[in-house]
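Below is one structure, written out as structure tokens; comments come after it.
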Amino acid sequence: MPGMENRFREVSRDVPIPSPWNLSTYLDAVAEHRGRTITLQPVDTALLAGTGCGTGSGLWIAKRDSDIIVYGADTTEWHAEHIIVHELGHMLLGHGPESATETSAPTPRPLSAIAELLPSISPESIAYVLGRSDYESARERDAETFADLVMLAAMRPQRRDSLLHRTFFRDRRR
């Protein structure tokens, strides 16, 4: 966990968590940081079951020049935000398809056919999504921990910046 805490601090410096919390603001900041638009696509959770997305609650699809986060629409607002932030964690922690394979093997024929049907989604992303099978991996644990840490930070009350606090605690705020 100490390694993930350090990584979380690094990522949070690059893409600060808005205070007060606002998912749209955070999505915009992540998109700007990555130089790629992010689209949210709520769907019936039953449609996600069996798609290779763990519990069937969320999925990140990396297109050639943008990203889509698909998540279950039939859940609470807090849970939907957690799912979305989990997928953002994959993005910010570098868990894309480019790091999922060490060598660039040729795209198998069935995936080539899918890539022809979905030209805006890279063949690597299609292979990554359809080939996922290990949901207890370090990547999933890291993305889940990232989402937990973001949501905890989001729930913290805003810090009041009083003269007393600035005078006596200025060194701690760095």
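Coordinate-derived values only; no laboratory data. Remember, predicted model here, so these are calculated numbers, not experimental data. Neighbour counts are summed over all protein chains in view; Cβ atoms, including those assigned to glycine, are modelled from backbone coordinates with ideal geometry.
Here are the numbers for this structure:
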quantity: Amide H contacts of residue 63 (H built 1.01 Å from N, under 5 Å, at least 5 apart or other chain); calculated: 68
quantity: Computed lengthening from residue 6 to residue 153, 0.36 nm per intervening residue step minus Cα-Cα distance; calculated: 51.4 nm
quantity: Summed side-chain charge close to residue 35 - residues other than residue 35 whose Cβ falls under 14 Å, Lys, Arg +1, Asp, Glu -1; calculated: -1
quantity: Sites residue 66 and residue 44, calculated FRET efficiency, Cβ-Cβ separation with R0 30 Å, nearest 0.05; calculated: 0.85
